[in-house]
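Working notes, structure below.
Readers should treat all values here as calculations from the given coordinates under stated rules, not as data from a laboratory. Fair warning: this is a prediction, and the values are worked out from it, not measured in the lab. No Cβ is skipped: glycine too gets one built from the backbone with ideal geometry, and neighbour counts run over all protein chains shown.
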Amino acid sequence: MAFVLSLLMALVLVSYSPGRSLGCYLSENHMLGARENLRLLAQMNRLSTHSCLQDRKDFGLPWEMVEGDQLQKDQAISVLHEMLQQCFNLFHTEHSSAAWNTTLLEQLCTGLHQQLDDLDACLGPVMGEEDSALGRMGPILTVKKYFQGIHVYLKKKEYSDCAWEIVRVEMMRALSSSTSLQERLRKIGGDLNSS
């Protein structure tokens, strides 16, 4: 028990650096992990996207929410966390195991899980939503509905190879946008809890 307490105390001390909030700094390693996840998704390509054009679908994520400046830092962290969690859930299923190279899929899920761990320390209450359609609905709810639509689409298409290819491309787009948002937040001040 004393060893566990010592280990936890060491982790707390290592994650703190002067001038930063405890555990809320997205390191360069976090950003490298985000880019590695995109690389893994690209490697998972098994079909020509052109052969699946008939299966294309607009899943309805308001990209301006992720790519624009609509979100405050606390909201952005919550949205990023939800996107990563939902993406992890999507690829961590029995259906996805049947569709993809197992090694690449495991590496992707491990990378997404690591990013989630990094963001866990930064989660705070979502504050300051604007009185807009997004603000009323809530950015997190918007992300959940987006991923719910993806799950419905896959089920409707009976988890076909083309359906998974369309979803893979969509996830590359979503993770690319979320990585860009993370990089912008990191450049703004490094410490994601300052507003």
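Taking a straight Cα-Cα cut-off under 17 Å and skipping sequence neighbours fewer than 8 places away in the same chain, the lysines within cross-link reach of K187 are K73. Scoring 28-37, 83-92, 142-151 by mean Cβ neighbours within 10 Å over their residues and listing the highest first yields 83-92, 142-151, 28-37. Give the cross-link partners of K157 among the lysines, using a straight C-alpha distance below 26 Å as the criterion and excluding same-chain residues fewer than 8 apart. Within reach: K57, K144, K145.
A full extension of the chain between Y159 and L47 corresponds to an added length of 38.9 nm, given 0.36 nm per residue minus the alpha carbon distance.
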